[in-house]
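Each remark here refers to the structure printed beneath this line.
The values are calculated or read from the model by the stated rules, or taken from the named source; none is laboratory data. What you are looking at is a predicted structure, and each value in this text was computed from that prediction instead of being measured. We place every Cβ from the backbone using ideal geometry, glycine too, and count neighbours over all the protein chains shown. Just so you know, the surface numbers come from the protein's heavy atoms only, side chains and all, with ligands and any DNA or RNA stripped out. Shrake-Rupley method; radii C 1.70, N 1.55, O 1.52, S 1.80 Å.
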Amino acid sequence: MKYLLLVWILVCSVLVQAQEADNYILGPGDIIVIQVFGEDELKLETQLTDNGTVNYPFLGTIKVTGMTIKQVEQHVYQGLKGDYFVEPNVFVGIVQYRPFYIHGEVKKPGGYPYQPGMTVNQAIALAGGLTERASREKIFISREGDKNTTQNGTLTSRISAGDTITIEQRFF
């Protein structure tokens with residue numbers, strides 16, 4: 001019975017992470033791959049620039065910032081269908097997510113690779129842990145695209161790619 005519960009929790013965790021990846025909004029710094037099955041010359045692996053565009057064969061410049069992977073797949077599919085292919089099988093995937101940033105009272109502040117489902121606690125671990133003066137209550141998260149607004153966070157708060165985490169000092 002314990003093993004069934006453990007397997008169920010593991011399956012639910014994988015499904016939640018897969019759903020997060022499907023809902024992930026692309027932004028500058030992400031590295032994506034676009035492929036059409038059976039058409040090796042149409043494979044493109046590229047990092048999204050500040051303007052969030054990619055230059056794809058036959059379709060020219062496509063703005064993908066703000067789109068999900070599924071939306072990019074559909075856009076490429078619609079662009080290639082009819083004029084170039086009868087029924088193109090398009091795949092778009094994320095090779096590498098844009099980084100998140102952490103600073104303040106951590107041992108190694110800086111930018112780190114993001115993974116779906118990441119929490120503040122995991123981000124702190126990547127940054128070498130908290131310093132002796134770090135507060136566990138004064139954690140602030142600035143969301144990408146809304147740097148003027150910060151949210152209070154906890155060690156279990158989820159973060160997103162491009163977020164900036166600030167860990168303040170505690171008072172002794």
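Search the range 90-105 for residues being aromatic (F, W, Y) and part of a strand (DSSP E or B), and hand back the single one that is farthest from L130 (Cα to Cα).
Residues of the range 90-105 that are aromatic (F, W, Y), as a first pass: 91, 97, 100-101.
So of that shortlist, the ones also part of a strand (DSSP E or B) come out as 91, 100-101.
Numbers: F91: 40, F100: 17, Y101: 15 Å.
Here the residue is F91.
Yes/no matrix, rows are residues, columns are (1) open to solvent by less than 20 Å² (accessible area, probe 1.4 Å); (2) more than 21 Å from the chain's Cα centre (by Cα); (3) closer than 30 Å to T164 by Cβ; (4) at pLDDT below 90:
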{"residue": "K2", "(1), (2), (3), (4)": "no, yes, no, yes"}
{"residue": "V33", "(1), (2), (3), (4)": "yes, no, yes, no"}
{"residue": "F58", "(1), (2), (3), (4)": "no, yes, no, yes"}
{"residue": "I62", "(1), (2), (3), (4)": "yes, no, yes, no"}
{"residue": "G82", "(1), (2), (3), (4)": "no, yes, no, yes"}
{"residue": "G93", "(1), (2), (3), (4)": "yes, no, yes, no"}
{"residue": "Y112", "(1), (2), (3), (4)": "no, no, yes, no"}
{"residue": "Q115", "(1), (2), (3), (4)": "no, no, yes, no"}
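Kindly provide the set of residues from the range 55-76 that are among the hydrophobic types (A, V, I, L, M, F, W, C) and assigned to a loop (DSSP other than H, G, I, E, B), ordered by number. Show your work before the answer.
At the first step, the residues of the range 55-76 found to be among the hydrophobic types (A, V, I, L, M, F, W, C) are 58-59, 62, 64, 67, 69, 72, 76.
Across the range 55-76, the qualifying residues are F58, L59, V64, M67.
Is it true that V106 is surrounded by fewer than 19 Cβ atoms within 10 Å (Cβ to Cβ) and touching a residue at least 40 places away in the same chain (Cβ under 8 Å)?
On the way: surrounded by fewer than 19 Cβ atoms within 10 Å (Cβ to Cβ): no; touching a residue at least 40 places away in the same chain (Cβ under 8 Å): yes.
It is false that V106 is surrounded by fewer than 19 Cβ atoms within 10 Å (Cβ to Cβ) and touching a residue at least 40 places away in the same chain (Cβ under 8 Å).
What strands (runs of 3 or more DSSP E) lie completely within the range 106-172 and have 2 or more residues being of a type outside the set (F, W, Y) and touching a strand residue (DSSP E or B) at 6+ places or on another chain (Cβ under 6 Å)?
Values: elements: 110-112, 134-142, 150-153, 164-169.
Because the criterion is at least 2 residues that are of a type outside the set (F, W, Y) and touching a strand residue (DSSP E or B) at 6+ places or on another chain (Cβ under 6 Å), the strands (runs of 3 or more DSSP E) in the range 106-172 that meet it are 134-142, 150-153, 164-169.
Take the conditions part of a loop (DSSP other than H, G, I, E, B) and without any contact (Cβ under 8 Å) to a residue 24 or more places away in the chain and apply them to E87. Does it pass? Lay out the reasoning, then the answer.
Working: part of a loop (DSSP other than H, G, I, E, B): yes; without any contact (Cβ under 8 Å) to a residue 24 or more places away in the chain: yes.
Criteria met by E87.
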